[in-house]
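Data first, discussion second: the structure below is written as structure tokens.
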Amino acid sequence: MPEKAEMANKNPKKANLLDHHSIKHILDETVPEIVSSRGYVEDVRMSNIRLLMGSIIIVIALVAQFYKKKFPENRDFLIGCIALYIVFNVILQLFIHTKEKNAILFTYPREGSFSSTGLVVSSKLPRFSDLYTLTITSADPKSISAGRPVELTKSVTQWFTKDGVLVEGLFWKDVLSLVDEYTAEPKKKK
């Protein structure tokens, strides 16, 4: 028995309770572990698109910086690079704003599941508030197999000790019950 207690306390997740970004970061890092324990595999396509766009932006900046000709001669080329840099940054920001929103996790459908859509897990922790909101929706809300969105709003004080250590057992229990609520069959009305 002491081995289990030692393993549980080996690497506790600790947050600065005065910094809401630190608290949200710890909770957002833990959610994917919990959701994947239910058989969902992370869909990294959105992250890959974001990384590709960022790489293109970096290449544009590097080409502009290390172009063979010096400034007065490469003026038009620099203007073109600056325009491309701005255009790709705007596209990247629009992608993040419209597709990702507050999402911290995208998943594929669960193996062996009848559902053809994965999950989108998003979170909010407003500034100067202790209420953490975790929302699970379908990756394709228009699909016939999409479940209704479910939401959990709870004070972060329920999951952290006074020293800022995350009580993972309580957080796991709450998130697992939210995942189970999402995947539960809807009750049929008579």
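Of all residues in the range 110-136, which are at pLDDT below 85 and either charged (D, E, K, R) or out of contact with any Phe, Trp or Tyr (no Cβ under 8 Å at 6 or more places or on another chain) (or both)? Reasoning before the result, please.
Start the filter on the range 110-136 by keeping residues that are at pLDDT below 85, which leaves 110-118.
Answer for the range 110-136, where residues must be at pLDDT below 85 and either charged (D, E, K, R) or out of contact with any Phe, Trp or Tyr (no Cβ under 8 Å at 6 or more places or on another chain) (or both): R110, E111, G112, S113, F114, S115, S116, T117.
Suppose we keep only residues that are of a type in the set (D, E) and under 19 Å from H20 (Cβ atoms) within the range 152-187. Which one would you say is most open to solvent (accessible area, probe 1.4 Å)?
Of all residues in the range 152-187, those of a type in the set (D, E) come to 163, 168, 174, 180-181, 185.
From what's left, under 19 Å from H20 (Cβ atoms): 163, 174.
Values: D163: 98, D174: 21 Å².
That would be D163.
Within the range 54-80, restricting attention to residues that are surrounded by 10 or more Cβ atoms within 10 Å (Cβ to Cβ) and among the polar types (S, T, N, Q), which residue is nearest to L92 (Cα to Cα)?
S55
Considering every residue within the range 83-96, establish whether at least one is touching a residue at least 40 places away in the same chain (Cβ under 8 Å), touching a Leu at 6+ places or on another chain (Cβ under 8 Å) and either open to solvent by 90 Å² or more (accessible area, probe 1.4 Å) or of a type outside the set (D, E) (or both).
Within the range 83-96, the first condition is being touching a residue at least 40 places away in the same chain (Cβ under 8 Å), and the residues that meet it are 92, 95-96.
From what is left, the residues that are touching a Leu at 6+ places or on another chain (Cβ under 8 Å) are none.
No: zero hits.
Might you check whether a residue that is modelled with pLDDT under 90 and touching a strand residue (DSSP E or B) at 6+ places or on another chain (Cβ under 9 Å) occurs anywhere in the range 48-57?
There is no residue in the range 48-57 that is modelled with pLDDT under 90 and touching a strand residue (DSSP E or B) at 6+ places or on another chain (Cβ under 9 Å).
Which numbered condition in (1) exposed (fewer than 15 other Cβ atoms within 10 Å of the Cβ); (2) without any contact (Cβ under 8 Å) to a residue 12 or more places away in the chain is the only one that K99 fails?
Result: K99 fails condition (2) only.
When you go through E42, E29 one by one, which is the residue that is in contact (Cβ under 8 Å) with a residue 40 or more places away in the chain, at negative phi and open to solvent by 90 Å² or more (accessible area, probe 1.4 Å)?
Values: E29 fails: in contact (Cβ under 8 Å) with a residue 40 or more places away in the chain.
The unique qualifying residue is E42.
The values are calculated or read from the model by the stated rules, or taken from the named source; none is laboratory data. Predicted model only: the values in this text are computed from it and were never measured. Methodologically, a virtual Cβ is constructed for each residue, glycine included, from the backbone with ideal geometry; neighbour enumeration extends over all protein chains shown. Surface areas here come from the heavy atoms of the whole protein model, side chains and all, with no ligands, DNA or RNA. Shrake-Rupley method; radii C 1.70, N 1.55, O 1.52, S 1.80 Å.
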